[in-house]
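A.B. asks: The structure is given below, and queries will be raised subsequently.
Only the coordinates and a few stated rules stand behind these numbers; no lab work does. Bear in mind that the values here come from a model prediction, so they are computed numbers and not experimental data. So basically every Cβ, Gly included, is an ideal-geometry build from the backbone, and we count neighbours across all protein chains shown.
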Amino acid sequence: MDNQNPSAPPSRINSDATGRVRDPERTRERILDAARDEFSSVGLGGGRVNMIAERAGVNKQLLYYYFKNKEKLYGAVLERAYRDIRKREMALDLDALSPVEALRKFIHFNFDYTVENRYFVPLLNDENLHKARHAKASDEIPALQGSMKSTLGRVVRRGLDDGSFQRDADPVELYISIASLCYFFLSNQYTLSVIFDVDLLESDRIAARRTHVSEMILSFLRTAPDLP
């Protein structure tokens, strides 16, 4: 990404493609939306600043002013994606539900989020191709996961205390299992649809998969571990 005078004063560059002055926060969000769509479609390597600016309806100089370069823009998109899912998880108010219903709601939320926000899977796939270098450079992304781990930990402990669950589970391991069961379904939807000659994105199949994932996790926690 070529450098474009990122320190230029906002009064000169804070305008859209038509020259109209825009609200800075709204403009920043429009750029992030456009970059999210571009990066999830063609990846960081294939993403083009000109296309992102065009999608956002801003001039390219303004994009550089806010985000300095393409790498930092990609990092900001990734941070916002994690911030969004964790924020929505916190709004579920799982502590007000029984352990079983809380965990089912958490699983369903993660499944629905992945289905409804199709950019999420390809964005994470691309970041893994880059060995998580943008996540490593972010102070925010690792910190965001603390609330999720604490919430899952409380749900499991409450379930053990009231007898709903017979098996303890580390919240990180539990989340990885939940995410895997939700994630793989969409990340491999094309090959799985072909090799099994089914349309995985039919509404009935999506609903069945949603139930299957939650029942698998709940069945595991409800079953006492075998004694050695």
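A.B. asks: Nearest 10 degrees, 0 to 90: what angle lies between the long axis of helix 70-90 and the longest principal axis of the chain (Cα atoms)?
C.D. replies: 40
A.B. asks: Right, something else. Only four residue types carry charge here, +1 at the Cβ of Lys and Arg and -1 at the Cβ of Asp and Glu. Report the dipole size of the range 39-81 about the Cα centre in Debye, rounded to the nearest 20.
C.D. replies: Value, rounded to 20: 80 debye.
A.B. asks: From the phi angles alone, apply the Karplus equation (6.51, -1.76, 1.60; θ = phi - 60°) to the range 31-41 and give each ³J(HN,Hα) in whole Hz, x where the residue is Gly or Pro.
C.D. replies: 5, 5, 4, 5, 5, 4, 5, 5, 5, 6, 8
A.B. asks: Pulled fully out, how much extra length does the chain show between Lys149 and Asp33, if you take 0.36 nm times their separation in residues and subtract their Cα-Cα distance?
C.D. replies: Values: separation 116, 0.36 × 116 = 41.76 nm, distance 2.78 nm.
Fully extending the segment from Lys149 to Asp33 adds 39.0 nm.
A.B. asks: FRET efficiency for Asp226 and His108, Cβ-Cβ distance as r, R0 = 35 Å, nearest 0.05?
C.D. replies: Result of the calculation: an efficiency of 0.75.
A.B. asks: By count of other Cβ within 10 Å, fewest leading, how are Asp112, Asp95, Asp126 ordered?
C.D. replies: Neighbour counts put them in this order, fewest first: Asp95, Asp112, Asp126.
A.B. asks: Assuming R0 = 30 Å, can you tell me the calculated FRET efficiency for the pair Ser180 and Lys68, based on Cβ-Cβ distance, to the nearest 0.05?
C.D. replies: About 0.30, to the nearest 0.05.
A.B. asks: Another question about this same structure. If amide hydrogens are placed 1.01 Å from N in the peptide plane, which non-local residues have theirs closer than 5 Å to the one on Val58?
C.D. replies: Result for Val58 returns Ala17.
A.B. asks: Right, another one. Under the rule a/c < 1.5 gives rounded, and otherwise a/b versus b/c splits prolate from oblate, where does the range 70-209 land using the Cα gyration tensor?
C.D. replies: Oblate.
A.B. asks: Say R0 is 35 Å: what FRET efficiency, to the nearest 0.05, do Thr191 and Leu92 get from their beta-carbon distance?
C.D. replies: Working: r = 32 Å, r/R0 = 0.92.
The computed FRET efficiency comes out at 0.65.
A.B. asks: Using packing as a proxy for protection, rank 168-174, 68-74 so that the peptide with the highest average count of other Cβ atoms within 10 Å comes first.
C.D. replies: Output ranking for 168-174, 68-74: 68-74, 168-174.
A.B. asks: Could you size up the charge dipole of the range 89-228 around its Cα centre, putting +1 on the beta carbon of Lys and Arg and -1 on that of Asp and Glu, and report it in debye to the nearest 20?
C.D. replies: The calculated dipole for the range 89-228 is roughly 200 debye.
A.B. asks: Still on this structure, I have one more. Please sort by residue number the trypsin sites (Lys or Arg not before Pro) in the range 82-176 whose DSSP state is loop and whose Cβ has at most 15 other Cβ atoms within 10 Å.
C.D. replies: Here the trypsin sites (Lys or Arg not before Pro) that fit, given the DSSP loop and packing criteria, are Arg118, Lys131, Arg167.
A.B. asks: Once you order the gyration tensor axes a ≥ b ≥ c over the Cα atoms, which shape class does the range 101-163 get: rounded for a/c under 1.5, otherwise prolate or oblate by comparing a/b with b/c?
C.D. replies: Since a/c reaches 1.5 but b/c is at least a/b, the shape of the range 101-163 is classed as oblate.
A.B. asks: Using label points projected 7 Å from each Cα along Cα→Cβ, tell me how many nm separate His212 and Asp161, to one decimal.
C.D. replies: Distance between label points: 3.5 nm.
A.B. asks: Name all residues of the range 42-62 having a backbone nitrogen under 16 Å from the label point set 7 Å from the Cα of Leu129 along its Cα→Cβ direction, giving them as ranges.
C.D. replies: 42-49
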